Amino acid sequence: MKEAKEAVKARILDGAIALFLEKGIANVTTRELTESLGISRSHIYHYFSNWQALCIAALDRFMRDELETFTLEVAALPSTQKMERLVVDFLPFEPDAAWQLYGATWQLALHNDVYAEFVESITQAWNELVRDIIEEGVVNGCFRECDVSRTTRQLISLLNGYDEFLGVRPSAEKRAMVQADIADFIQRFIYKA
């Protein structure tokens, strides 16, 4: 019986994620979700105390799955290739639904403490991954000796800033500039000369 409950809960979360990616989190209603899943509203609220709790659970599932997928995909790569993949995955150079969902979630976090706590949690998980990549590179001699925590903060801040920059009227020129700037930072401050 518990397995069936978990399957229903997962189905609700997956349905919410699909709709968030399709329409944007602010444009999805409980009614749309129930209609797409073919279940009643009360059925959804049997598993989630309210709409916000459902949204947070769905976003958590989606974003942690992305983090886990990335971590598994780069696990066997050398540190320099992990760093290259990080930049490409962190900054999709074409706007996509996932990128827009992250942006919308961060906007919600500006005005809602529950979303803010969630965003801080996801951000911390990504920061730990970046820190691990940098630390591994230092240990294996690919990256220069550094204050790993500081370099992680600097790189994440650079990536976040360019994420916002690319989010407004992205263009080939902007993408080329961002790629060059990030490559320059990594070459100067992370890779060994």
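Would you work out the relative contact order for the range 13-67, in percent, from Cα pairs under 8 angstrom that are 6 or more residues apart?
Computed over the range 13-67, the figure is 42 percent.
Could you calculate the contour length gain from Asp14 to Ala172, that is, 0.36 nm times the residue separation minus the distance between their Cα atoms, to one decimal place in nm?
53.5 nm
Kindly provide the helix-only [θ] at 222 nm of the chain, computed as the sum of -39,500 (n - 2.57) over DSSP H runs of four or more divided by all residues, to the nearest 500 deg cm²/dmol?
Rounded to the nearest 500, it is -26000 deg cm²/dmol.
Which length gain, in nm to one decimal place, applies between Lys5 and His43 when the Cα-Cα distance is subtracted from 0.36 nm times their residue separation?
So the extension gain works out to 12.6 nm.
Let me cross-check Asp65: its accessible surface, 1.4 Å probe, with only protein heavy atoms counted, in Å² to the nearest 10?
80 Å²
Please compute the contact order of the chain in relative form: average sequence separation of alpha-carbon pairs under 8 Å and at least six residues apart, divided by the residue count, as a percent.
With pairs under 8 Å counted, the relative contact order is 20 percent.
Any idea of the accessible area per residue across the range 122-193, 1.4 Å probe, to the nearest Å²?
58 Å²
How many nm is it between the label spots at Ala98 and Ala75, if each spot is 7 Å from the Cα in line with the beta carbon?
Calculated label separation equals 1.8 nm.
Identify the trypsin sites (Lys or Arg not before Pro) of the range 117-183 meeting these criteria: DSSP loop state and at most 15 other C-beta atoms within 10 Å of the C-beta.
Arg144
Using a 1.4 Å probe over the heavy atoms of the protein chains, calculate the carbon and sulfur portion of the accessible area of the chain as a whole percent.
Ligands and nucleic acids excluded, carbon and sulfur give 52 percent.
Which one of Thr80, Ala4, Tyr45 is farthest out on the positive end of the charge dipole of the chain, using unit charges on Cβ (Lys, Arg +1; Asp, Glu -1) and the Cα centre as origin?
Working it through, the farthest residue towards the positive pole turns out to be Tyr45.
The values are calculated or read from the model by the stated rules, or taken from the named source; none is laboratory data. Keep in mind the model is a prediction, meaning the values are calculated, not measured. Every residue, glycine among them, receives a Cβ derived from its backbone with ideal geometry; neighbour counts consider all protein chains shown. Accessible surface is based on the protein model in full, side chains and every heavy atom, while ligands, DNA and RNA are left aside. Shrake-Rupley method; radii C 1.70, N 1.55, O 1.52, S 1.80 Å.
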